[in-house]
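S.K.: Before I ask anything, here is the structure I am working with.
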Amino acid sequence: MTDGYDDESYDATARIVDPGGDEEERRIEAALRPKKLADFPGQPRVRDQLGLVLEAARRRQKPPDHVLLSGPPGLGKTSLAMIIAAELEQPIRITSGPAIQHAGDLAAILSSLAEGEVLFLDEIHRMARPAEEMLYLAMEDFRVDVIVGKGPGATAIPLELPPFTVVGATTRAGLLPAPLRDRFGFTGHLDFYDPADLAQIVTRNAGLLGIETTPQGVDEIAGRSRGTPRIANRLLRRVRDYAQVHGAGVLDRGAARAALDLFDVDEQGLDRLDRAVLEALCRRFGGGPVGLSTLAVAVGEEPDTVETVSEPYLVREGYLVRTPRGRAASAAAWAHLGLTPPPDTTGMPQLPIDEGGGRFGD
C-alpha cells in the first residue's frame with residue numbers, strides 16, 4: 001500500500017498522525033519532527049505570528065490564508081508545513097516545484113484536493129511559468145481553467161475547487177514573481193538558530209532517540225551545527241554512533257569532540273569543503289581575489305556546490321568576501337588556518353570596482 005499519487009505528490013498525513021513505518025529512516029525523521037506549533041523550537045517571531053493566523057482560522061472555521069515560508073535549507077520549513085496541517089486537523093499533500101513542469105501537472109493535483117486540505121509546495125520558486133500562472137487563479141479564486149483542444153478551436157473549461165491552503169517553501173524568495181508572492185496572506189522568514197535553541201533541539205531529539213547525554217556534549221554539538229537544526233540532527237546521529245562503538249554509549253563532551261573531529265567538523269562548524277575553500281584561497285591564491293570557477297576547480301567541486309553549500313556560511317561568519325573581481329579571504333580566514341596574511345593586504349585586498357557588472361568572479 002502506498003500514499004503516493006499519479007501526479008507525483010503524496011499524502012503525508014500518515015507521517016503526522018502515525019510516525020510508525022516500515023522504513024527506519026522515515027520513522028526516525030517523523031519522530032524528530034515536532035507535531036505542534038508549541039513544540040517548535042526557536043523562531044519565536046514566526047511561531048507567534050503563525051499561531052495567530054491558525055487560531056483565527058480555527059475560530060472562523062475556514063481555511064487560513066496561504067502561507068509562504070522562506071529561509072536557508074534545514075531550518076524547519078517542511079516541519080512547519082506539517083505542523084500547519086496538524087494544527088488544522090487536515091491532511092497534507094506534498095510536492096515540489098521541480099516536479100511541476102506543466103500546467104497539467106498542477107491541474108491534476110489541484111483537482112484532487114479536498115476542502116480544507118493543505119498543499120505544500122517545496123522549492124516553489126522552481127515551478128514552471130505556465131504552472132505558476134495557473135496557481136495564481138487557483139489561490140485567489142479557487143478555480144482553474146482547463147484547456148481542451150489546440151489552436152483556434154481550443155476551449156477553456158473552468159473547474160471550481162474547494163477552499164484549500166497553499167504552503168509554499170523557498171530558499172530564494174527573490175526568485176518568486178511578484179504576482180505569486182502577493183497571493184500569500186502570510187510570509188514568514190526563518191533565520192539561523194542560536195546555540196541555545198540548537199541545544200534544546202539536540203536534547204529533545206536525543207531523548208526521542210533514547211540517547212543519554214550530558215549538557216557539555218549537547219553544547220558541543222550545538223556549537224558546531226552552523227545554526228541549522230538539520231545539521232544538528234545529523235551530527236547527533238554520528239556522535240551517537242561514535243559513543244556506542246568507541247565509548248560508553250553516553251553522549252558527553254569527549255565523545256562529541258572525538259566524533260566531530262573524525263567527521264571533519266571543526267569547532268567553528270567548518271567541514272572539509274569549507275576548509276578546502278579557505279586553504280585554496282590562502283595557500284594557492286594568496287588570499288584572492290579569485291573567480292568562482294577557478295576556486296571550484298582548485299577544491300575539486302562544481303561551482304554551484306561551492307556557491308550554494310559552502311560560501312553562504314563562510315560569508316556569514318566573516319571568513320570569505322565576495323568582491324567584484326572574485327572571492328577573497330578575510331583576516332579571520334587566515335587566523336582560522338593559523339596563517340599570517342600578507343603584510344600588504346592583511347587578508348582583505350582593496351580592489352577597484354569592476355564596472356562590467358555580471359556575476360561575481362565568473
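Readers should treat all values here as calculations from the given coordinates under stated rules, not as data from a laboratory. Worth saying up front: this structure is predicted, and the values here are computed from it rather than measured. Cβ atoms come from the backbone with ideal geometry, glycine included; neighbour counts cover every protein chain shown.
S.K.: Can you list residues whose amide H is under 5 Å from residue 68's amide H, if they're 5+ apart or on another chain and H is modeled 1.01 Å from N?
M.R.: It is 168, 186, 187, 188, by chain and number.
S.K.: Here's something else I'd like to know. Mind giving me the nanometre distance, one decimal, between the label points for residue 136 and residue 58, set 7 Å out from Cα along Cα→Cβ?
M.R.: Placing both labels 7 Å beyond Cα along the Cβ direction yields 3.6 nm.
S.K.: Less than 9 Å Cβ to Cβ from residue 249, Lys/Arg counted +1 and Asp/Glu -1: what total charge do the surrounding residues give?
M.R.: Values: positive: 240; negative: 212.
That sum, taken over residues with Cβ under 9 Å, equals 0.
S.K.: If amide H atoms are built 1.01 Å from N in the plane of the peptide, which residues on other chains or at least 5 residues away come under 5 Å of the amide H of residue 326?
M.R.: 361
S.K.: Taking the Cα centre of segment 195-262 as origin and charging only Cβ (+1 Lys, Arg; -1 Asp, Glu), how large is the dipole, in debye to the nearest 20? Could you put the intermediate results ahead of the total?
M.R.: On the way: 10 positive and 7 negative charges, 55 e Å.
With only Lys, Arg, Asp and Glu charged at Cβ, the dipole is about 260 debye.
S.K.: Additional query: Would you order 95, 308 from fewest to most other beta-carbon atoms within 10 Å of each residue's own beta-carbon?
M.R.: Working: 95 22, 308 14.
Fewest-to-most Cβ neighbours within 10 Å comes out as 308, 95.
S.K.: Separate question: Can you give the local net charge around residue 127? Use residues other than it whose beta-carbon is closer than 12 angstrom to its beta-carbon, Lys and Arg +1, Asp and Glu -1. Could the numbers behind the result be given before it?
M.R.: Values: positive: 126, 129; negative: 105, 122, 123, 132, 133.
Here the count lands on -3.
S.K.: Could you tell me the distance between the Cα centroids of segment 275-338 and segment 31-87, to the nearest Å?
M.R.: First find each Cα centre; the distance between them is then 36 Å.
S.K.: Same structure again: Quick check on segment 195-262: take the gyration tensor over C-alpha atoms, sort the square-rooted eigenvalues as a ≥ b ≥ c, and tell me if it's rounded (a/c under 1.5), prolate or oblate.
M.R.: Values: a/c = 1.65, a/b = 1.34, b/c = 1.23.
Judged from the Cα gyration tensor, segment 195-262 comes out prolate (a/c at least 1.5, a/b above b/c).
S.K.: If we count every other residue with Cβ under 10 angstrom of residue 199's Cβ, Lys/Arg +1 and Asp/Glu -1, where does the sum land? Spell out each step's value before the answer.
M.R.: Details: positive: 204; negative: 194, 197, 219, 220.
After counting each charged neighbour, the total is -3.
S.K.: Determine, from the Cβ-Cβ distance of residue 48 and residue 108 and an R0 of 25 Å, the FRET efficiency 1/(1 + (r/R0)^6), rounded to the nearest 0.05.
M.R.: Values: r = 36 Å, r/R0 = 1.45.
E between residue 48 and residue 108, to the nearest 0.05, is 0.10.
S.K.: Here is a further query. Rounded to the nearest 0.05, what FRET efficiency do residue 284 and residue 191 have when you use their Cβ-Cβ distance and R0 = 22 Å?
M.R.: Values: r = 34 Å, r/R0 = 1.55.
So the FRET efficiency works out to roughly 0.05.
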